Amino acid sequence: MKILNIGLYLLVSLSLLCSCSGADDSDNDMDSFISALMDEMTLEEKLGQMNLVTGGDIVTGYVMSNELEQLIRQNQIGGVFNVKGAEKILELQRIAVEETRHGIPLLVGADIIHGYETIFPIPLALSCSWDSVAVERMARISAIESAASGINWTYSPMVDICRDPRWGRIAEGNGEDPYLSSILGPAYVRGYQGKDMSGKDEIMSCVKHFALYGAVEAGRDYTTVDMSRQRMFNEYLPPYKAAIQSGAASVMNSFNLIDGVPAAANKWLMVDVLRDMWGFDGLLATDYGSISEMATLGYAPLTQASVKALEAGTDMDMVSSGYLNTLRESLENKNVSIGMIDRACRRVLEAKYRLGLFKDPYKYCDTTAATTKVFTAEHRRIARDIATETFVLLKNNNQTLPISPKGRIALVGPMADAGNNMCGMWSMTCTPSKHQSLKEAMEEELKDVAELIYAKGCNVYADETTEINANGIRQITRGNDDVMLRQAIAAASKADVIVAALGESAEMSGESASRADIELPDVQKRLLKAMVSTGKPVVLLLFTGRPLVLTWEDANVDAILNIWYGGSEAGAAICDVVFGHVSPSGKLTTTFPRSMGQVPIYYNHMNTSRPDSDPNVFNRYQSNYIDERNEPLYPFGFGLSYTTFAYGELRLDKTTLTEGESIKATINVTNTGDFKATEIVQLYTHDIYASLARPVKELKGFERITLNPGESRDVTFSITPDMLRFYNSKLEYVWEPGEFEVMVGPDSEHLSTCKFELK
Ligand code: NOJ
């Protein structure tokens, strides 16, 4: 009964070889192969290919259910996701290949967002390195480890621009800037897909969440986005476009409404923009249950929702089973055509073909590979090095950091000995038992040279208990406690310096982790205040998946190093920075507000008609607040170093720019301190008058430079008219003649400015 597709693959390849007299057109080969296959497929088999199902909880040794195996045997699945372990995946793949009529292999997806078992810093942290080489290396290693574990499709990168730190998923993206995200998104894609996905360790990348998911109202998941087209095109869509045009073979659409239409059913977005304007011809999948949730969104019940999604060019239905169970009826009722179903099924098969699954369905199922390719010493060393690039030094009075490894050092806080919290969200493939906590890493670092006195001090929340609820989800319970605080005060009283490892637990960011109050939880603030009251130097190491409001901390703590979540090697990486082996070099890619009321707050905003003239007073009839300053606590692009960098004056080689030419903008940067360190030099422009008001500044370039103490270097940026383009009210991508400012400096607020004219 089974027609093994390897057979068909060889047959079609052979006949092509004969008929095409050696022509090597792989797209033609693919088309012929898939056409031949689809000619043999029933409608049910086609709908099965368009169905994507979850493998269930992969954290705690999930046992494959018979139901899943049964669905495969019945040709009702084109792909599964979030199944852990090559052996389990091999068994599923074997059933698909050997126990179904056509033997079509499965897509095997997973949320490998910042590493498989070698876990790297979360994406928001990675973006603070401004290092596309590091990001690509991270993605390459993720692909190697995933491929060795049976996975052929990762749901990454997420390139949703976000300006609202209440949204827990800000942790999963590249921050607030479209230019930076347009550089980092493609780096992820290159790393995952390698040359062309044909290699054994090359997997398919999926750009998400298309589109605008980072702009959900009030920072809550699964809700509304309403945005002008010009804002979409200028500020939110560029990173998706860049990642897609760098060759991403798949895209996931988003949960949100866009202009009242769910993204997965939004024909304008999926067909006019994604397919027609940007030329994307890869696989388009929904997010988890997006089709069935169109009913609760008030848009359409499952049958109509499935029609709308198919019409909008969505090929694969994640979890809703809407395509599987309703499209036959819709076809009979002529609400969809067989051509529409064929097109979607074809794209699923094309993705499998491009991955080389028809040639070798077991390409990713080498059950011995994981032992040599996963969590290797080399991968861990690279993860450690990359992590050191992602920490952002927010404050460092009196050179409190780095700490000399001598005397007595108190380590307090709920993040100090929390290996399970160091990896952040989407780290279900990590094994905390195999890596060090910060406390363990510090014990190793300080062995024989200094005394480490540890006290937890408090839970993440007062009297927190963490339980697994009936759905297998870790649940945080709040309460109240005192005993641990007394222990921490006792530890601190014996120490020369206090390190407080505080912040959010891993569950507090990522999906379904929005917060209305983005300060440190009260019980942790109480601990920190008690530490500050000792009068000893206090270093705050902040673990977080979002910007927090740190106004009190900034005013009262000596040093603040933002760790984010540094991954499995964070313990050693933190020691590298805290004890001065490496200077911090990360720069913020998301603005830190002074208070929640300033949100949304971002550097590349429009000017107001009445800008605030003096931040120290409330100026009536100017654009400001009665009770808060306008400017953020820490701006976009900000981050300190153990050294100091002196910036010279910005110089332009000319002050008029015409088409086909460029202006050279040069600035001298000198390392004036004692540490060898990396600096991220940033270039911004401002279009002073335009047919649509333009932001006060926009990032247009940056360069990472490493300077030895005393070393000086000229950094030169080339400014071309192309860099000054924007989408006008007709959505034409144009530059307009006129006056521009060009600004260069260490962050978005400390800039040296020149003007030029574009003619
Ligand atoms: C829902 C999330 O929004 C998406 O990012 C993820 O890839 C899917 N679930 C699959 O786990």
Counting every C-alpha pair in the chain, the percent lying more than 37 Å apart is 43
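Note down the relative contact order for the chain as a percent, whole number, built from C-alpha pairs under 8 angstrom at least six residues apart.
13
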Of LYS88/LYS208; LYS200/LYS241; LYS200/LYS373; LYS456/LYS587; LYS395/LYS525; LYS208/LYS700, which ones are farther than 19 Å apart at the Cα? LYS88/LYS208; LYS200/LYS241; LYS456/LYS587; LYS208/LYS700
Along the Cα-to-C-beta direction of ASP496, a point sits 7 Å from the Cα; which residues of segment 573-611 have their amide N less than 20 Å from that point? 575-582
Once the Cα gyration tensor of segment 423-462 is diagonalised, what are the square roots of 5 times its eigenvalues, in whole Å and ordered largest first, as equivalent ellipsoid semi-axes? 24, 17, 6
Around PHE375, what is the net charge, scoring Lys/Arg as +1 and Asp/Glu as -1 over all other residues with Cβ under 13 Å from its Cβ? +1
Filter the GluC sites (Glu not before Pro) in segment 689-719 to those in DSSP coil with at most 14 other Cβ atoms within 10 Å of their Cβ, and list the result. GLU711
In Å, the Kirkwood estimate of hydrodynamic radius for segment 30-153 over Cα pairs equals 16.0
Place +1 on the Cβ of every Lys and Arg and -1 on the Cβ of every Asp and Glu in segment 494-630, take the dipole about the Cα centre, and give the residue among THR591, ALA516, ILE626 whose Cα lies farthest towards its positive end. ILE626
Can you give the direction-averaged projected area of the convex hull of the alpha-carbon atoms in segment 182-235, in nm²? 5.1
Per segment 115-242, sqrt(5λ) over the Cα gyration tensor eigenvalues, sorted largest first, in Å, gives 26, 14, 13
At 0.36 nm per residue, minus the direct Cα-Cα distance, what do SER404 and ARG229 gain on full extension? Give it in nm, one decimal, please. 57.6 nm
Distance between the C-alpha centers of segment 304-368 and segment 156-192? Whole Å please. 27
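What do you get for Rg/Rh over segment 376-588 if you use C-alpha atoms and the Kirkwood form of Rh?
For segment 376-588, the value is 0.94.
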Rounded to a whole number, the Stokes-Einstein D of segment 547-700 in µm²/s (Kirkwood radius over Cα pairs; 4 °C; 1.567 mPa s) is 69
What nm value, rounded to one decimal, do you get for the distance between ASP196 and ASP674 when each label is placed 7 Å out toward the C-beta? 5.6
Go from 0 up to the bin containing the longest alpha carbon distance in segment 143-194, width 5 Å each, and give me the % of pairs per bin. 4, 20, 24, 18, 15, 12, 6, 1
Label-point separation in nm, GLU443 to GLU661, each point 7 Å along Cα→Cβ: 6.7
Kirkwood-based Rg/Rh on the Cα set of segment 645-758 evaluates to 1.03
One point scatterer per Cα, no solvent, Debye formula: log10 I(q)/I(0) for segment 488-581 at q = 0.11, 0.16, 0.19 Å⁻¹ comes out as -0.33, -0.70, -0.96
Give the angle, between 0 and 90 degrees and rounded to the nearest 10, that separates the Cα long axis of helix 86-98 from the longest principal axis of the Cα atoms of the chain. 20
Filtering trypsin sites (Lys or Arg not before Pro) in segment 641-730 by DSSP loop and by at most 16 other Cβ atoms within 10 Å leaves LYS654, LYS676, ARG725, LYS730
Neighbour-limited loop hits for chymotrypsin sites (Phe, Trp or Tyr not before Pro), segment 330-385 (at most 11 other Cβ within 10 Å; DSSP other than H, G, I, E, B): none
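Each reported figure results from applying straightforward, stated rules to the coordinates on display, with no laboratory input. Bear in mind that the values here come from a model prediction, so they are computed numbers and not experimental data. Counting neighbours? That spans all protein chains shown, and the Cβs are built from the backbone with ideal geometry, glycine included.
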